[in-house]
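Asker: Got a structure for you, written out below as structure tokens; questions coming shortly.
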Amino acid sequence: MRPVALFFLLLLVVSGFFACSHDGESGKVFFRYNEADNITSLDPAFARNRMNLWGINLLFNGLVQVDDQLRVQPCIAERWDVSPDGKTYTFHLRKDVRFHDSSFFSEGKGRKVVAADFVYSFGRILDKEVASTGTWLISSYIKSPQNFEAPNDSTFVIRLDQTCPLLLNILTVQYFCVVPKEVVEHYGKDFGQNPVGTGAFRFLKWQIDQQIILVKNNHYFERTASGEQMPFIDGVKITFTADRRNEYLQFEQGKLDALFDIHPTYKDDLLLANGQLQPTWEKRIQLLRTPQLLTEYLGIQTNDSLQIHLALKKREVRQAISYAIDRKKMLTYLRNNIGYAAHAGFVPNGMPSFDSMRVQGCSYNPKKASQLLTKAGYPNGKGINPIVIETVATYKEMCLSIQKQLAEVGIPTEIEVNAAPAMLTKKRNSGQAMLFTGSWLADFPDAENYLACFYSPNGAPPNYTRFNNYQYDCIYRQALQENDSTKRYDLYKRAENLLVEEMPLVPIYYGEVLRFVSNKVQHLGNNPQNLLNLKQVKILP
């Protein structure tokens, strides 16, 4: 190859290597992020995981939404009324919301959203043939699609079979976004790969296992407080690089505008041991962090009717396990102080009802752990057969640390690492997982979403511990009927303190959302639900 040709070839390679948000071919500005675990569907009926949910949140809207402080705000519904008995919700819809332009609409122009669209969309969530993964969120309160009504184009009514003070919180979940019937019925199960919504961005193309490209919706209805129309960027590019090393390198080279999930291999490259940003990155990126509605824990099989470990039947042994764990030390050495030591209950500190003064869990106290073991009839752990900790590879390092700390007070353990499907099977099947790692991420911002995990009528999931306590169940049911949030929060705290006493679980960490974002990106924001909102994002040249 001639030197001149080689020079131009190298120039092209280098130009691609240092690609930026401003697309050189189109002159457009795109926000670029990677999903290492891929997206399976962009249909709101299947917003079952964070990957799907983020994409759906960019494309669709619901009646209501949450802000970064977890407050319910209007969206397509301008306002709403609730009947005195709490069983009828009447939503008054905006009249300027349109679906994205599509060939399925007259002249290819997106048609106006009307109340009948919500009747159809909500009906899909209850439809057994659709098999939405979000059915459980409303099926206890709404038994039939006949409970949804559209008396006129701008009024949508929900009639509950029993009161649900949490309904507005539940409706912020992306399962309840509006979809167009004519498009859904045309594509059927393939609607998730051909989505048409109302959101700030509209679907352009999906290259399987490579990327999804969304472009700006020029007819989006929301505006900023100063009256500016959103969004401000031209689109979003979502890539699917599965190799975390390549993902990190792409971020380092400026090919991604943000890194949302820090792999343990690279945490020391980005963070100091105290959790602060490495000085070498300070001029290039900003670190956004906030508490997350996530709790990582050890679940304990507690139901005496099952064949469980003899020592775990003793409440004092379960409490001793909790007091024997130094959570702060583990956070420092295993996680670069990402997260918060779980010294309160199961509900994490990002939740509005969180109160560590009124719900006090277990802090590190090996002396008290030893006293509890003696009280249970196992002085220094004598007589306890090894307890198997069931886990997956992601939590092996954490379990090794727990194993060492439990051994220091005399509790012998073994660790069994499972593939994720096998782990789920063991947790679902009675008695196969007696002590196990778990991670609970909130579907909506209310503590009920956590406390449901210990309500005895609930099977597994979510009640993997098979906790069965009459007093707890009564408090839980009472909370579900309480419209006054202050009184409901008081009931939540009573329920949590009972969990702390009975110890069907050992909280380890509360989550924290970390976002490593290019300094060129403005107004990305952060929130405890870890939702991705790009409506107000701007990207500097």
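Rule-based calculations on the coordinates, nothing more; no lab input. Predicted, not measured: the structure shown is a model, and the values here were computed from it. Cβ atoms come from the backbone with ideal geometry, glycine included; neighbour counts cover every protein chain shown.
Asker: Only four residue types carry charge here, +1 at the Cβ of Lys and Arg and -1 at the Cβ of Asp and Glu. Report the dipole size of the chain about the Cα centre in Debye, rounded to the nearest 20. Could you put the intermediate results ahead of the total?
Answerer: Numbers: 60 positive and 55 negative charges, 163 e Å.
Here the size comes out at about 780 debye.
Asker: Here's a follow-up. Spin-label point model (7 Å from Cα, Cβ direction): what's the Asn519 to Asp304 distance in nm?
Answerer: Inter-label distance under the simple model: 6.4 nm.
Asker: Could I have the simple spin-label model distance between Asp96 and Ala116, label points 7 Å from Cα toward Cβ, reported in nm to one decimal?
Answerer: It is 2.5 nm.
Asker: Sort 56-64, 224-232 by the packing proxy (mean of other Cβ within 10 Å over each peptide's residues), most packed first.
Answerer: By packing density, highest mean first, the sequence is 56-64, 224-232.
Asker: Out of Val114, Thr88, Leu204, whose Cα points farthest toward the positive end of the dipole of segment 83-206 (charges: +1 Lys, Arg; -1 Asp, Glu; placed on Cβ)?
Answerer: After comparing all options, I get Leu204.
Asker: While we're on this one: If every alpha-carbon in segment 292-513 counts as one equal scatterer, what log10 I(q)/I(0) does Debye give at q = 0.09, 0.13, 0.14 1/Å?
Answerer: Rounded to two decimals, the profile gives -0.33, -0.71, -0.83.
Asker: Further, regarding this structure: At 0.36 nm per residue, and after removing the present C-alpha to C-alpha distance, how many nm does the segment from Gln229 to Glu414 gain when stretched out fully?
Answerer: So the chain would gain 60.8 nm between Gln229 and Glu414.
Asker: Separate question: At 0.36 nm per residue, minus the direct Cα-Cα distance, what do Lys181 and Leu400 gain on full extension? Give it in nm, one decimal, please.
Answerer: 73.7 nm
Asker: Now a separate question. Taking the Cα centre of each part, how many Å lie between segment 306-327 and segment 423-462?
Answerer: Centre-to-centre (Cα) distance: 18 Å.
Asker: Could you tell me the relative contact order of segment 292-513? Use alpha-carbon pairs under 8 Å, at least six residues apart, and round to a whole percent.
Answerer: Working: 414 pairs, mean separation 79.7, N = 222.
In percent, rounded to a whole number, it is 36.
Asker: Tell me which DSSP H helices of the chain clear both cut-offs, 30 Å or more of axial length from alpha-carbon atoms and a mean Kyte-Doolittle hydropathy of at least -0.5. Please report the intermediate quantities before stating the final value.
Answerer: Working: long enough: none.
Helix filter hits for the chain: none.
Asker: Please list 489-496, 267-274 highest first by mean number of surrounding beta-carbon atoms within 10 Å per residue.
Answerer: 489-496, 267-274
Asker: Also, quick follow-up: Just name one of Val506, Tyr489, Phe516: the one whose Cα is farthest towards the positive end of the charge dipole of segment 474-516 (beta-carbon charges, Lys/Arg +1, Asp/Glu -1).
Answerer: Final value for the positive-end residue is Phe516.
Asker: Please report the net charge: other residues with Cβ closer than 14 Å to the Cβ of Ser103, K and R +1, D and E -1.
Answerer: On the way: positive: Lys109, Arg111, Arg202; negative: Asp101, Glu107, Glu182.
Once all neighbours under 14 Å are counted, the net charge is 0.
Asker: Here is a further query. Before rounding to the nearest 500, sum -39500 (n - 2.57) across all DSSP H runs of length at least 4 in the chain and divide by the residue total; then give [θ] at 222 nm in deg cm²/dmol.
Answerer: -8000 deg cm²/dmol
Asker: A further question follows. What is the sum of charges, Lys and Arg at +1 and Asp and Glu at -1, for the other residues whose Cβ falls under 12 Å from the Cβ of Gln286?
Answerer: Around Gln286, the charge tally is +3.
Asker: For every other residue with a beta carbon closer than 14 angstrom to the beta carbon of Gln207, add +1 if it is Lys or Arg and -1 if Asp or Glu, then tell me the sum.
Answerer: With Lys, Arg at +1 and Asp, Glu at -1, the net is 0.
Asker: How would you rank Glu501, Glu296, going from fewest to most other Cβ atoms within 10 Å of each one's own Cβ?
Answerer: Details: Glu501 10, Glu296 19.
With the sparsest Cβ surroundings first, the list reads Glu501, Glu296.
Asker: From the residues Ser401, Met357, Leu293, which one has its Cα farthest along the dipole of segment 292-513 in the positive direction, the dipole being from +1 and -1 charges on Cβ of Lys/Arg and Asp/Glu about the Cα centre?
Answerer: Comparing the listed Cα positions along the dipole, Ser401 ranks first.
Asker: Distance from a point 7 Å along Cα→Cβ of Gln481 to each backbone N in segment 125-165: keep the residues under 19 Å and list them by number.
Answerer: Hits in segment 125-165 for Gln481 at 19 Å: 140-143, 160-165.
Asker: Antiparallel DSSP bridges in segment 292-513: what percent, to the nearest 5?
Answerer: 65
Asker: Further question: Sorted from fewest to most neighbouring beta carbons within 10 Å, what does the list Ser83, Ser353, Ser144, Ser121 look like?
Answerer: Ser144, Ser83, Ser353, Ser121
Asker: While we're here: Once amide H atoms are placed 1.01 Å from N in the peptide plane, what residues at a sequence separation of 5 or more from Thr290, or on another chain, have their amide H within under 5 Å of its amide H?
Answerer: Val513
Asker: When the label point is put 7 Å from the Cα of Gln278 along its Cα-to-beta-carbon vector, which residues of segment 334-356 have a backbone N closer than 14 Å?
Answerer: 336
Asker: For Leu204 and Asn152, compute 0.36 nm times the residue count separating them, minus their Cα-Cα distance, and round to one decimal in nm.
Answerer: That works out to 15.5 nm of additional length.
Asker: Please list, ordered by chain and number, the residues whose modelled amide H lies under 5 Å from the amide H of Val537; skip anything fewer than 5 residues away on the same chain.
Answerer: Under 5 Å from the amide H of Val537: Phe232.
Asker: Simple spin-label model, 7 Å along Cα-to-Cβ: Gln253 to Asp68 in nm?
Answerer: It works out to 3.1 nm between the two label points.
Asker: In addition: A 18 angstrom limit on the alpha carbon distance is what I want to check against. Which of Lys314/Lys382; Lys28/Lys109; Lys95/Lys535; Lys267/Lys538 exceed it?
Answerer: Lys28/Lys109; Lys95/Lys535; Lys267/Lys538
Asker: Moving on to the next point. Could you list which residues have their amide H under 5 Å from that of Ile389, counting only those 5 or more apart in sequence or on another chain, with H placed in the peptide plane?
Answerer: Sorted by chain and number, the residues that satisfy this are Glu414, Ile415, Glu416.
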